[in-house]
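Inspection log for the structure reproduced underneath, given as structure tokens.
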Amino acid sequence: MVNRRKLMLSHDGVRIYHSWKGGRALTWWYALAPDHDAEGGGRDFDIRRLPEAYLAGLDLDMARVADAAQTLKAYERMLDAHREVLRRAIDARHDFEASVARDHRKGGAWTWLRRAIGR
């Protein structure tokens, strides 16, 4: 099983980590510092809000399956897609600090979710 406390990705000198909340790694949020606690604010971003050019052609969601072994494989495929998005962003010299500022300035995940569902 993946040790989510370790790096999510190290590519071309950039290190990206999982963001944490309540002792669990968040699915869509990644951090610029290790062991980031999302409840502490500030150093994480929502991968779904990166520019479309980095997301194109990749399925960032995890397929729902009943079998435990298949669930682990689906989870690994999702993480592989997330890593590819992050590689694309790093290769394009994306400003992750700007993503962090944007996602926290606009209220983060809850504000994004409310907008996505139209509330």
In nm, to one decimal, how far is the Ala33 label point from the Arg49 one, both placed 7 Å along Cα→Cβ? 1.9
Could you tell me the calculated FRET efficiency between His11 and His104, based on Cβ-Cβ distance and R0 = 22 angstrom, to the nearest 0.05? 0.40
What is the local net charge at Met78, summed over the other residues whose Cβ is closer than 9 Å to its Cβ (Lys, Arg +1; Asp, Glu -1)? -3
Principal axis lengths of the stretch 7-112 from Cα atoms, whole Å, largest first? 39, 32, 25
By the scheme Lys and Arg +1, Asp and Glu -1, what is the net charge of all other residues having a beta-carbon under 9 Å from that of Lys21? -1
Summing +1 per Lys or Arg and -1 per Asp or Glu among the other residues with Cβ less than 12 Å from Ala38's Cβ gives -3
Whole-Hz ³J(HN,Hα) for each residue in the stretch 80-92, computed from phi via Karplus 6.51 cos²θ - 1.76 cosθ + 1.60 with θ = phi - 60°, x for glycine and proline: what do you get? 4, 5, 4, 4, 5, 4, 5, 4, 4, 5, 5, 4, 8
What are the ³J(HN,Hα) couplings of the stretch 12-21, residue after residue, when phi is run through the Karplus curve with 6.51, -1.76, 1.60 and θ = phi - 60°? Round to Hz, x for glycine and proline. 6, x, 9, 10, 10, 10, 6, 9, 10, 8
Using only Cα atoms, what Kirkwood radius does the stretch 37-98 have, in angstroms? 13.1
How would Met8, Met62 line up from fewest to most surrounding beta-carbon atoms within 10 angstrom? Met62, Met8
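Every read-out reported here was derived from the displayed coordinates using simple, explicitly stated rules and does not represent laboratory data. Every value quoted in this text rests on a predicted model; they were computed, and no experiment measured them. Here the Cβ is made from the backbone with ideal geometry for all residues, glycine too, and neighbour counts use every protein chain on show.
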